[in-house]
């Protein structure tokens with residue numbers, strides 16, 4: 001009988017230790033609060049110049065444009081898109097970044113990238129960093145959305161350069 005009690009105590013002890021270790025590992029491996037927080041980094045020559053939060057972007061002067069985006073891979077998309085013109089965001093980092101012949105590479109969380117010229121960026125309200133469509137947030141990839149940030153190009157009817165899940169703008 002004592003042997004059975006001892007075995008039971010050992011099994012209970014092992015279970016308690018395993019549950020404790022599982023809890024500790026789960027705590028250590030949980031994603032950080034900022035893992036999926038909307039942030040947009042502007043960089044040049046490998047150096048981060050500024051990182052904007054979604055709240056900072058929404059605080060900038062915004063524009064709303066009615067736009068239809070033709071897609072070869074997904075259903076076409078139409079709506080009123082609200083966001084900040086790319087040239088205004090870049091000007092807020094450093095107006096000199098908008099001079100000369102430069103390339104503006106927009107990069108997405110999923111690795112997708114598009115390239116724009118200085119001339120395209122300087123066209124008034126042409127390239128917009130969008131955070132709302134029809135008054136609703138874009139939603140993240142995990143939520144089945146196209147954001148929380150994306151690019152919409154007024155002067156381009158096709159969606160192949162409308163970077164979804166935008167996370168970085170690299171200037172070269």
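Nothing in this text is a laboratory measurement; each read-out follows from the coordinates by a stated rule. Predicted model, so just to flag it, every value in this text is computed and none were measured. Note that we place each Cβ from the backbone using ideal geometry, even for glycine, and neighbour counts take in every protein chain shown.
Does the range 34-124 classify as rounded, prolate or oblate by the C-alpha gyration tensor (a ≥ b ≥ c root eigenvalues; a/c under 1.5 gives rounded; else a/b over b/c gives prolate, otherwise oblate)? Rounded shape, in that the Cα axes give a/c under 1.5. To the nearest ten degrees, helix 2-29 and the longest principal axis of the Cα atoms of the chain are 10 degrees apart. Take every Cα pair under 8 Å whose residues are at least 6 apart in sequence, average their separation, divide by the length of the range 39-171, and the relative contact order is 28 percent. For the chain, the mean residue ellipticity at 222 nm estimated from helices alone is -8500 deg cm²/dmol, where every DSSP H run of n ≥ 4 contributes -39500 (n - 2.57) and the total is divided by all residues, rounded to the nearest 500.
Our estimate of slack between residue 11 and residue 58, defined as 0.36 nm per intervening residue step minus the Cα-Cα distance, is 11.3 nm. The protection proxy used here, the mean number of other Cβ atoms lying within 10 Å of each residue, ranks peptides 98-107, 71-80 as follows, highest first: 98-107, 71-80.
If the segment from residue 158 to residue 88 were pulled out straight at 0.36 nm per residue, it would be longer than the present Cα-Cα gap by 22.9 nm.
In the frame of its principal axes, the chain has Cα extents of 86, 37, 28 Å, reported largest first.
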